[in-house]
Amino acid sequence: MFKPPRSAYVHIPFCHRRCFYCDFSIVPIGDEVKNTKGNGTKVINDYLYFLKKEILSIKHKSPLSTIYIGGGTPSILDPTQMAELISIFEIHYGIDYGAEITMEVDPASFEEKDLYGFINAGINRFSLGAQSFNNQVLKEAGRRHISKDVEEACYWMRNAKKDKFIKSWSLDLIQNLPKSTLSTWQKDLEKTISFCPPHISIYDLNVEEGTVFQKLQDLGKLPLPNQDESFENSKLTSKILNNSGYLRYEISNYSLPRHQSRHNRVYWKGLGWWSFGQGSTSSPWGIRFSRPKNIDEYQKWVIDQCDKQLDKSLLVNSKKKLDLDEKIMLGLRTKEGINLKNLFIEEGWDENNSKKFMSKLLTSWQKYRDYDLLLNEGDRFFLSDPEGMELSNQIIIDMFNWWDQIN
Ligand code: SF4
């Protein structure tokens, strides 16, 4: 029996401008646009109108235990707009007592009074997109904020947490940005832990198609750390954060006890979630569905969903469990890893097939096991930290090849 999801992602696509590494579905609205007076620009209000229409179009509503408002730059919204958005969930879906309600904030479009405005709107967890504390690194990445903005935001978050106005907050960094060195990265990490964020996300830079970084890379003008330097950065991250009491509970995520992101675990565990807004991907019943990435096409799509009652986001008749390869991939990213035998049993494989296919997978993984990149305790397999996590892509690619062969 497939139950309605208990989690919802909401995409707010507006950014002042596009950062040089970013290929997300966003709408740049210019550096000068501020949303502190009234209800902001027409483009934002129009988008919110269609977003609400989409949220209300779901028929199988059920109380939510996590809501994640990401972007884009959700902190471009005025707190009154945020309050209205959350109240729609409250009235029409219900929000569980103790639910985790997270919002991403950008240090450049965020003041202390906004923090308390968003808290009053119902947000109880913030994710601060710091990326770095180094002004040169921030500039080279095309970010609008400077180190001072991040530090101020960290003080506000720390105080709000200390005074119990919020449950938790996360500081997000990008590892291996251009112009970063082992020494600048060490300073970033030390600065980060000086603010005691209960949660830290560290994303590795990927140079994506169509970004400024890709163009610079093609011209040979993107000074990225080489492979050895990246590995040294990763080792340093693990060492400093582990020594400071943070647990690496997923490849990109570290937390103090009891501060793991509940919303992200829904994705990693393959549980269902709603998703609303342009470019966002929902998976309410196992089938993934992505909305148009362009704002005009998204708005037309919402009209189709609601007025023609196409109800694409539901796909109730196409209920589907997560494929085994995807379960292994998501599980391997987490600290606890995966219990292969249990997964095969869940898939309904008999003992003979389980043994045969598990042995093939373990053969293709043998080289990683020889070097302690992939470890096991009985049938539970997990990546070593940082060496295995650093090479996780290769280990996962080999698993996908195994999956293609046995299918
Ligand atoms: S602020 Fe975030 S979403 Fe917006 S352009 Fe920069 S990286 Fe992309």
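Points to keep in mind about this one:
- Couplings 3J(HN,Hα) of the stretch 289-296, computed from phi: 9, 9, 7, x, 8, 9, 5, 5 Hz, in residue order, whole Hz [Karplus 6.51 cos²θ - 1.76 cosθ + 1.60, θ = phi - 60°; x for Gly and Pro].
- Packing-based ranking, highest mean first, of 363-372, 18-27, 68-77 given that Cβ atoms within 10 Å are counted: 68-77, 18-27, 363-372
- Span from the the stretch 83-124 Cα centroid across to the the stretch 381-396 one, whole angstrom: 35 Å
- Histogram of C-alpha separations across the stretch 324-406, 5 Å bin width, %: 3, 15, 28, 30, 16, 6, 1, 0
- Extents of the chain, taken as max minus min of Cα coordinates on every principal axis and listed largest first, are 65, 54, 47 Å.
- Between Ile67, Ile202, Ile397, the GNM of the chain built on Cα springs shorter than 10 angstrom shows Ile397 fluctuating the most.
- Taking a ≥ b ≥ c as the square roots of the eigenvalues of the Cα gyration tensor, the stretch 176-280 is oblate, since a/c reaches 1.5 or more and a/b is not larger than b/c.
- An oblate overall shape is assigned to the stretch 41-128, the ratio a/c of its alpha-carbon gyration tensor axes (a ≥ b ≥ c) being 1.5 or greater and a/b not exceeding b/c.
- The HN-Hα couplings worked out from phi for the stretch 172-179 by the Karplus form 6.51 cos²θ - 1.76 cosθ + 1.60 (θ = phi - 60°) are 10, 10, 10, 8, 6, 6, x, 6 Hz, whole numbers, x standing for Gly and Pro.
- The phi torsions of the stretch 77-89, fed into the Karplus equation with coefficients 6.51, -1.76 and 1.60 and a -60° offset, translate into couplings of 5, 7, x, 5, 5, 5, 4, 5, 4, 5, 5, 5, 5 Hz, rounded to whole numbers, with Gly and Pro shown as x.
- Cα gyration tensor shape for the stretch 223-288, rounded if a/c is under 1.5, else prolate or oblate: oblate
- Among Leu375, Leu115, Leu85, residue whose mean-square fluctuation peaks in a GNM of the chain (springs only between Cα atoms under 10 Å): Leu375
- If you run the Gaussian network model on the chain, springs between alpha carbon atoms under 10 Å, then out of Gly279, Gly30, Gly331 the most flexible one is Gly30.
Readers should treat all values here as calculations from the given coordinates under stated rules, not as data from a laboratory. Nothing here was measured: the structure is a model prediction, and the numbers come from that model. Please note: Cβ atoms are built from the backbone with ideal geometry, for glycine as well, and neighbour counts cover all protein chains shown.
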